[in-house]
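In what follows, a structure is listed as structure tokens, so that the remarks can point back to it.
The values are calculated or read from the model by the stated rules, or taken from the named source; none is laboratory data. Small disclaimer: the values here were computed from a predicted structure and weren't measured. All Cβ positions, even for glycine, are placed from backbone atoms using ideal geometry, and neighbour counts span all protein chains on display. Accessible surface is based on the protein model in full, side chains and every heavy atom, while ligands, DNA and RNA are left aside. Shrake-Rupley method; radii C 1.70, N 1.55, O 1.52, S 1.80 Å.
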Amino acid sequence: MTRGNKGFRNLPKLERVKRGRPAPSRPASPRRSAREPRREREAPRASLALDQCPEPLRAALLALSDALATVPDVWVVGGAVRGIVSGSPHAGDLDLALPSGAILMGRALADGIGGAFVLLDTERGAARVVTGEGGGISQIDLTDFRAPSIEEDLRRRDFTVNALAVSLHGLVRDGRAVVINPTGGLEDLARGRLRMAGPASLSEDPVRALRGVRLAFERGFSIEPATRAAIRQVAPRLAEAAPERLREEWVALLSLGRSAAALRALDLLGLLTVILPEAEAMRGVTQPRPHRFTVWEHSLRTVEAVELLLPRLDALDPFGAELERHLAEPLGDGCTRGEALKLAALLHDAAKPQTRSISDGQIRFIGHDKLGAEMAEAACRRWRLAGRASRVIERLVRHHLRPMHLAQAGEVTRRARYRFFRDLESEAQDLLLLTLADAAAARGISPLRIWRGPGGALVRDLMRGWEDDRAMAAAPPLLRGEDVMEAFGLGPGPEVGRLLALAREAHALGRVGSREEALAFLAEMVRIG
């Protein structure tokens, strides 16, 4: 996004909005209490230069300062400030804090740039503007102060490394602005330490506990002991949070390169079973060979195996580039196929505790794929996950045994291959990657070793056939529903669909090649029932 480009071109100045309390032109410096920790009184001071900002952020700041010129007290807060100060600029979104009127300002800003307005919290005065700026600032969050001044507002935020602010207008006017740092966030940032901004930071909003773990793994912070203890204390209250807020943090955590390690940390801190109560039953459930681990440990290792594959897809030659594009496909709610694959890996054996039985000395889990798909679907509903993402996860869990069944049958027939791709459709490649991860996690080895070895022969064979099956699926059908109804005297209904599916399969297998041959084939199928 550059100044004057589409989205911010001719952005009008927005009128100041009052919401019951004055908006001073300069924040008052609060008097410090004698009981304040010495660390806060001596918090290091730093300034932020406009030239330090990457171009998309700098252009957005210039345009926003123009648009909000009539609102004297506007602050850039949180991740953007932290990222620039630490030398790893925060891309994609921007957080602004105003004394009041954030929702009305958000609406006006959305109208001014042609963006989408999203009301986040009426009571707390929070709104979002989705800009649609590709490669630039994709969203701007605006919030009312939580206290009379910016310093007190920052003290009521989640973590010290996020309790940082610079004046928007001061930064643009002078080219440099002092970083407001009332809780010692700059010191914690330099030390790579994640610490609560205040004693009530997590109890006021338990979702911050989940965000803290995500932030620690995203930015490489260590969580200091008192904050760890507070996370454990508020963990049960995470169940009270709005599902949409949990989903946002949950998906963001799964997008990390080290999300499997983050899941283990959530588990140790008591957060994971609140988000995923199904995990509790999976602990300690033993499995027969070739499995070396309990159901729960195997599930976590399957996520780890997926995570090992994702940055190394080029090793799956010659399919790497296609797989990389495929897994980057957005499914809604910020979830791509990559995150959906991780969730399917975590949930694929969720029903094993409920289906475990012992017959003739053998441990079995009959039907865990079907029941697991239902459990996965229920979990996605609980998280309010987008419908498309939920359907992908449900389908992967439901069919995760298919490749194993094909391997046990010996040679994969042309019909079996066709039905595999017919049933999986767009999720065929995802399932083959899940198969590699699942097999690797059974013994605790690399999925790339499975790919290269005898166990990967079926996966490689099916991968090679994916292009042919996709081309066949895109080919125009030999028959339409009207043809079938006219030929067999049928009205609209399931029987027409069944016959069309038989004709399409016969065409894919080379048994018929014309409309006449397809009708003759169906006539024979109807005759023999």
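Of note:
- Take the Cα of ALA200, step 7 Å toward its Cβ, do the same at ALA69, and the gap between the two points is 4.0 nm.
- Surface composition of the chain: carbon and sulfur make up 50 percent of the accessible area, probe 1.4 Å.
- Kirkwood hydrodynamic radius of the chain, from the reciprocal of the average inverse Cα-Cα distance over all distinct pairs: 26.4 Å.
- Taking the average, over residues, of other Cβ atoms within 10 Å as the packing measure, peptides 47-53, 424-430, 377-383 rank 424-430, 377-383, 47-53 from highest down.
- Heavy atoms of the protein chains alone define the surface here; on that basis the range 312-373 has 44 Å² accessible area per residue at 1.4 Å probe size.
- In this label model, VAL412 and ARG364 are separated by 2.7 nm, measuring between points 7 Å along each Cα→Cβ vector.
- Take the Cα of THR294, step 7 Å toward its Cβ, do the same at SER514, and the gap between the two points is 6.5 nm.
- With all protein chains modelled, accessible area of ARG388 [1.4 Å, Å²]: 100 Å²
- Acute angle (nearest 10 degrees) that the helix 225-234 long axis makes with the longest principal axis of the chain, alpha-carbon atoms: 60 degrees
- Extension reserve of the GLU425-ALA328 stretch, reckoned as 0.36 nm per residue once the Cα distance is removed: 33.2 nm
- Whole-number percent relative contact order across the chain, with pairs defined as alpha carbons under 8 Å at least 6 apart: 9 percent
- On the basis of the beta-carbon distance and an R0 of 51 Å, GLU486 and ALA226 show a calculated FRET efficiency of 0.10.
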